[in-house]
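Comments concern the structure below.
The values are calculated or read from the model by the stated rules, or taken from the named source; none is laboratory data. In this text, all values refer to a predicted model and were calculated from it rather than measured experimentally. Here the Cβ is made from the backbone with ideal geometry for all residues, glycine too, and neighbour counts use every protein chain on show. Each accessible area value is taken on the protein alone, full model and side chains, heavy atoms only, with ligands, DNA and RNA left out. Shrake-Rupley method; radii C 1.70, N 1.55, O 1.52, S 1.80 Å.
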Amino acid sequence: IEAMELNFPPDSPPLAVIASAVIAGVSLKTNASLPSGSPPVLVLDGEKNVEGTDLILRHIGTIAGQSAFYKRGADEVKQIDGWLDYSSVFGSGSEFEGACGLVDQHLLHNTFLVGTALSIADIAVWAVLAGVGHRWDSLRKSKKYPNLVRWFNSISTEYNAELSGFSSTYLSRKASAKTAPKSKEAQVSGPRSSTPENGGHPTEASSAIEVDLPDAVVGNVKLRFAPEPSGYLHIGHSKAALLNQYFADRYKGQVIVRFDDTNPDKESSEFVDNLLKDIQTLGIKYSAVTYTSDYFPRLMEMAERLIREGKAYVDDTPQEKMRSERMEGISSAARSNSVEENVSLWKEMIAGSEKGLKCCLRGKLDMLNPNKSLRDPVYYRCNLTPHHRIGSEYKLYPTYDFCCPFVDAVEGITHALRSSEYHDRNEQYYRIQTDMGFRKVHLYEFSRLNMVYTLLSKRKLLWFVQNGKVDGWDDPRFPTVQGIVRRGLKIEALIQFILEQGASKNLNLMEWDKLWAINKKIIDPICPRHTAVIEERRVVLVLTDDAAPPREPFVRILPKHKKYEGAGEKAVVFSNRLLIDYTDAESISVDEEVTLKDWGNAVVKEIKKDEKGIITELVGVLNLEGNVKKTKLKLTWLADTKELVPLSLIHFDYLITKKKLEEDEDFIDVVNPCTKTEAQALGESDMRNLKQGDILQLERKGYYRCDVPFVRPSKPIVLFAIPDGK
């Protein structure tokens, strides 16, 4: 076979394609030159190019010397296609072990995935497992999936000679240099075919992402994710959390979670508990949980030390005047206080006295510096509000600017990730650490994640909660982790989406459609299919001829997903009285032949309407010998029985009507007055088995997540519509 050229991004080689070509003896010239995120392209001599992993696999299977690689009977080809679809999800985070279990069970009585010979389906799944790295290696050593391990080892052994070059080139671990190369700025790119481990985080073997930390030493990197416990984790925070986890994985380091609890006015234990829940949901593997409040005694000692060294002073200048002086570079009169005066006022602050409450502690840095963050920033302020952890022990609290460089240094953080909005404060951070006598902690910047039609400010989100515009912090319209998961987003999709944005410092305004499109690719291959009919003005289709089933309904067992056995089966009732959507009934003409999905064709003989012209009933006859490919309408339907369950289908819209708010624009002016619509429907009886959190597809209606499962016939199952990126 003449050599063809396979083009792909250098950070995401299509392992299944390359392995299949090697085993099939198909000569490929590889060219890692495409931009990150691009699908692979197979360049054919004198023919149209083939784009996308699955299509290239099918092409290789067709031209391979092994006739059984793909060229089989229609049924087996269909099964192979199903496994190819499934392989793209196989290595995805939390689905990984479930997928391993499914394949292990399938291989209990089968030597290969399809039929009695090796196919491109086997190679596709084998390549995903081989590319996962440590996680699969540890499972191979266990006895958890014996059939899967037997199958994997059999392919590895049988084709060892052919795959040795492939393995050394694409699967071997990168050289573990002691110090990673420096990079001023890097872009993370996570392609569709990446196979994350550890809850969706990249591995060395994955090679899908390449970003370096400055002066990072493998095995000696310590990072921190430091949220303020004043709200729930949202999609913007998720980027910081996942990048910290990525670097910890990449450098065999650790992440700690530190709650920056220095503002008792806004913080609570409720937020701490929910933040930990959200961090767990994201799959962050932290080594410890700490609190800035744990360091309050040492921070007080440091503040007094800086006062005595002349590096800090107590200022009683009124707040507005202080702000004006900082902007104009005018030194406060208190800047020349003696050490004794400052110590005396500092004690007044500690006591929370009338005099102390008028004061703040400021660092004595540089009032003439063009970078205004260095113009004597505030280190401590008085606040009499009890702290959610330590009560009323303190009357003053450190600012973020003061405690962050201190705690980072004391906890041994090697690299502190900060969004680029803090860029102007980096010089301040280093100056304060120097005054404190600490080593330098590396700061690493990334761009803040902004989404269209979305507010991420805690203050603004709180307004929606307090004014009853949403049902709480986990409302599906909210950009919080709990909100978007409740709407039906898989964490694997969020991880892939955020890692694609990477650690770039370029500001970006992202579309939700891209995130939901990634989500669809994860849920579509595996989620069960069900049928529902909108209750309003539903129409009965009566089948009248001899070919129709008897008046007593009968049941058939059908798969919930034609390409994925793991979705299970359902009992479908067939009857001579069917319910269909009114919109479908409107589209039908007399004597038109239509297809009843999962049954066959029928011809509509009569359309009955009331005095207002509203369709009330259709009458038709079955034509099961009819050609389903020639009909225009493919109807979903339900047998008109008492076993149907009530459904409430809820669709959501953005909370604001403008893509991006200007800095001086009031968000209340663009609040969307209608963000939630509800439709009542009837669903097939099997839907009473849905559990909260289950994701499904209602055929011809879209994807949904079950928020409230079946309780009793009088209470509907509540399903939240999941956007699909279109």
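Structure data summary
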quantity	calculated
GluC sites (Glu not before Pro) restricted to the range 385-438 and DSSP loop, no more than 15 other C-beta within 10 Å	Glu393
Beta bridges per DSSP with both ends in the range 332-446, % antiparallel, nearest 5	60 percent
Rounded to 5, the percent of DSSP beta bridges in the range 4-166 classed as antiparallel	55 percent
Computed accessible area, Phe710, all protein chains, 1.4 angstrom probe, square angstrom	50 Å²
0 to 90° range, to nearest 10: angle between helix 74-90 axis and the chain longest Cα axis	10 degrees
Percent carbon-and-sulfur accessible area, the chain, ignoring ligands, DNA and RNA, probe 1.4 Å	48 percent
Net lengthening on full extension, Ser268/Asp137 (0.36 nm per residue, minus Cα-Cα)	42.9 nm
Expected 222 nm ellipticity per residue - DSSP helices of 4 or more, -39500 (n - 2.57), all of the chain, to 500	-9000 deg cm²/dmol
Relative contact order for the range 630-726, counting Cα pairs under 8 Å that sit 6 or more residues apart, in percent	31 percent
On Cα atoms only, tilt of 400-410 relative to the major axis of the chain in degrees	80 degrees
Nonlocal amide H pairs with Val708, under 5 Å, H built at 1.01 Å	Val718
q = 0.11, 0.14, 0.20, 0.21 Å⁻¹, the range 4-166: log10 I(q)/I(0) [Debye, one scatterer per Cα]	-0.43, -0.71, -1.43, -1.54
Lys, Arg +1 and Asp, Glu -1 on Cβ, resulting dipole of the range 4-166 about Cα centre, debye, nearest 20	420 debye
Within the chain, percent of DSSP bridges classed antiparallel, to nearest 5	65 percent
Rounded to the nearest 10 Å², the accessible area of Cys674 at probe 1.4 Å	70 Å²
Debye, to nearest 20: dipole size of the chain, +1 on Lys, Arg Cβ, -1 on Asp, Glu Cβ	1040 debye
Magnitude of the charge dipole, the range 501-638, Cβ model with Lys/Arg +1 and Asp/Glu -1, debye to 20	720 debye
Extension gain from Asn450 to Val711, taking 0.36 nm per residue of separation minus the Cα-Cα distance	90.0 nm
Percentage relative contact order, the range 4-166, counting C-alpha pairs under 8 Å, at least six apart	23 percent
Ratio Rg/Rh [Cα only; Rh per Kirkwood] for the chain	1.05
Cross-link pairs beyond the 22 Å C-alpha cut-off, checked among Lys144/Lys520; Lys658/Lys701; Lys563/Lys629; Lys562/Lys715	Lys144/Lys520; Lys658/Lys701; Lys562/Lys715
Estimated FRET transfer efficiency when R0 is 56 angstrom, pair Ile614-Val339 (beta carbons, to 0.05)	0.05
Folded to 0 to 90 degrees: helix 512-523 orientation relative to the chain principal axis, Cα	50 degrees
Accessible solvent surface per residue of the chain, calculated while the other protein chains remain in place, 1.4 angstrom probe, Å²	45 Å²
Accessible-area order (highest first, 1.4 angstrom probe) of the listed residues Asp653, Asp85	Asp653, Asp85
Loop trypsin sites (Lys or Arg not before Pro), the range 566-639, which have at most 13 other Cβ atoms in a 10 Å radius of their Cβ (DSSP)	Lys612, Lys632
For Ser589, solvent-accessible area (1.4 Å; no DNA, RNA or ligand), Å²	60 Å²
Qualifying trypsin sites (Lys or Arg not before Pro) for the range 94-146 [loop in DSSP, other Cβ within 10 Å: at most 15]	Lys143, Lys144
FRET efficiency for Leu624 and Glu51, using Cβ-Cβ distance with R0 set to 51 Å, rounded to 0.05	0.85
HN-Hα J in Hz across the range 243-256 - Karplus 6.51, -1.76, 1.60, θ = phi - 60°, x for Gly and Pro	5, 4, 5, 4, 5, 4, 5, 5, 9, 6, x, 9, 10, 10
Reach of Lys630 by Cα under 21 Å, taken over lysines that are not fewer than 8 positions away in the same chain	Lys597, Lys605
